[in-house]
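J.: Would you mind keeping the following structure in view while I ask a few things?
The values are calculated or read from the model by the stated rules, or taken from the named source; none is laboratory data. As the structure is a prediction and not an experimental result, all values here were calculated from the model. Ideal geometry is used to build each Cβ from the backbone, glycine not excepted, and the neighbour counts take in all protein chains shown. For the accessible areas, the whole protein counts, side chains as well, though only heavy atoms, and no ligand, DNA or RNA atoms are used. Shrake-Rupley method; radii C 1.70, N 1.55, O 1.52, S 1.80 Å.
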Amino acid sequence: MPFDENTYLIGVAGREDCVVVDPGMEADKIFGKLERWQRTPVAILNTHGHIDHIAGNAAMKQRWPDCPLIIGHGDAYKLTDPMANLSGLYGNGFVSPEADQTLAEGDTYEAAGLKMRVLETPGHSAGHIVFVIDDPETPILIGGDMLFCQGIGRTDFPDGDSQAMEKSIREKLYTLADPTIVYPGHGPETTIGFEKLNNPFIRGNSDAIQD
């Protein structure tokens with residue numbers, strides 16, 4: 001059951017801690033990078049509850065049991081439901097540890113010297129969330145499976161919704177500053193400004209091309 005997925009280790013220069021976002025199936029690689037960079041995770045953040053984004057949760061919690069596991073309130077149930085997290089569709093009844101904390105629209109989560117604003121962005125999954133770091137020099141969006149470089153996340157899963165996807169991108173993601181760097185769940189990084197001009201699925205105007 002191989003999946004390509006982006007896991008992010010995010011920290012502030014000069015500190016020894018960090019947060020881990022969407023630990024995937026190759027936990028050993030995550031451990032190796034943390035050791036090389038001499039960072040200790042202080043939070044595990046999930047943008048949503050699909051198997052490719054939560055597969056490393058158990059290994060992370062086993063190694064750092066006091067590290068809180070955090071996900072949006074609407075997708076928390078997927079952690080322990082193999083059919084909901086899609087692993088059951090691939091013949092693997094995977095379950096993650098339960099969430100230690102859930103987040104909702106308007107929450108701010110602070111850890112490892114980072115201050116992250118939470119937006120609820122249904123579309124790819126009903127309980128999908130994203131994290132916005134409002135750095136004045138380099139604003140960042142940790143976007144999960146919403147907005148990709150010239151693409152968008154799938155909406156054909158059980159609780160996917162193409163209309164909700166477009167609404168989330170237009171009304172929440174595309175209102176962020178154009179220089180905002182988007183770190184997506186799959187593929188290379190991009191920016192909000194680039195996607196508004198070039199994304200063939202949802203452009204930053206009324207002429208959206210429907211998926």
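J.: Please determine, by comparing only the residues of the stretch 51-66 that are in contact (Cβ under 8 Å) with a residue 40 or more places away in the chain and farther than 13 Å from residue 28 by Cβ, which one is nearest to the chain's Cα centre (by Cα).
T.: Among them, the one singled out is 53.
J.: Can you pull out every residue in the stretch 81-96 that is open to solvent by less than 40 Å² (accessible area, probe 1.4 Å), assigned to a helix (DSSP H, G or I) and touching a residue at least 40 places away in the same chain (Cβ under 8 Å)?
T.: Of everything in the stretch 81-96, just one residue is open to solvent by less than 40 Å² (accessible area, probe 1.4 Å), assigned to a helix (DSSP H, G or I) and touching a residue at least 40 places away in the same chain (Cβ under 8 Å), namely 87.
J.: Pairs only if they're at least six apart or on different chains, beta carbon under 7 angstrom, first in the stretch 197-211 and under 16 Å from residue 180 (Cβ atoms), second modelled with pLDDT of 50 or more and outside any loop (DSSP other than H, G, I, E, B); list them, first residue then second.
T.: 202/152; 202/166; 202/169; 202/170; 204/196; 204/197
J.: What helices (runs of 4 or more DSSP H) lie completely within the stretch 12-76 and have 2 or more residues being more than 30 Å from residue 137 (Cβ to Cβ) and in contact with a His (Cβ under 9 Å, 6 or more places away or on another chain)?
T.: Fully inside the stretch 12-76 and qualifying: 51-54.
For (1) touching a Ser or Thr at 6+ places or on another chain (Cβ under 9 Å); (2) open to solvent by 10 Å² or more (accessible area, probe 1.4 Å); (3) at pLDDT below 95, each residue gets a yes or a no:
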{"residue": "7", "(1), (2), (3)": "no, yes, no"}
{"residue": "12", "(1), (2), (3)": "no, yes, no"}
{"residue": "18", "(1), (2), (3)": "yes, no, no"}
{"residue": "39", "(1), (2), (3)": "no, yes, no"}
{"residue": "50", "(1), (2), (3)": "yes, no, no"}
{"residue": "59", "(1), (2), (3)": "no, yes, no"}
{"residue": "64", "(1), (2), (3)": "yes, yes, no"}
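Let's see how each residue does on (1) in contact with a Gly (Cβ under 8 Å, 6 or more places away or on another chain); (2) modelled with pLDDT under 95; (3) not hydrophobic (A, V, I, L, M, F, W, C):
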{"site": "71", "(1), (2), (3)": "yes, no, no"}
{"site": "74", "(1), (2), (3)": "yes, no, yes"}
{"site": "79", "(1), (2), (3)": "yes, no, no"}
{"site": "100", "(1), (2), (3)": "no, no, yes"}
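J.: For residues in the stretch 165-186 being under 17 Å from the mean Cα position of the chain (by Cα) and of a type in the set (A, V, I, L, M, F, W, C), which is surrounded by the fewest Cβ atoms within 10 Å (Cβ to Cβ)?
T.: 181
J.: Being modelled with pLDDT of 95 or more, within 30 Å of residue 62 (Cα to Cα) and either in contact with a Leu (Cβ under 6 Å, 6 or more places away or on another chain) or surrounded by fewer than 17 Cβ atoms within 10 Å (Cβ to Cβ) (or both), is that true of even one residue in the stretch 142-154?
T.: No, the stretch 142-154 has no match at all.
J.: Could you grab me the full set of residues in the stretch 3-28 that are under 23 Å from residue 115 (Cα atoms), in contact (Cβ under 8 Å) with a residue 40 or more places away in the chain and not aliphatic (A, V, I, L, M)?
T.: The answer is 6, 7, 8, 11, 15, 17, 18, 22.
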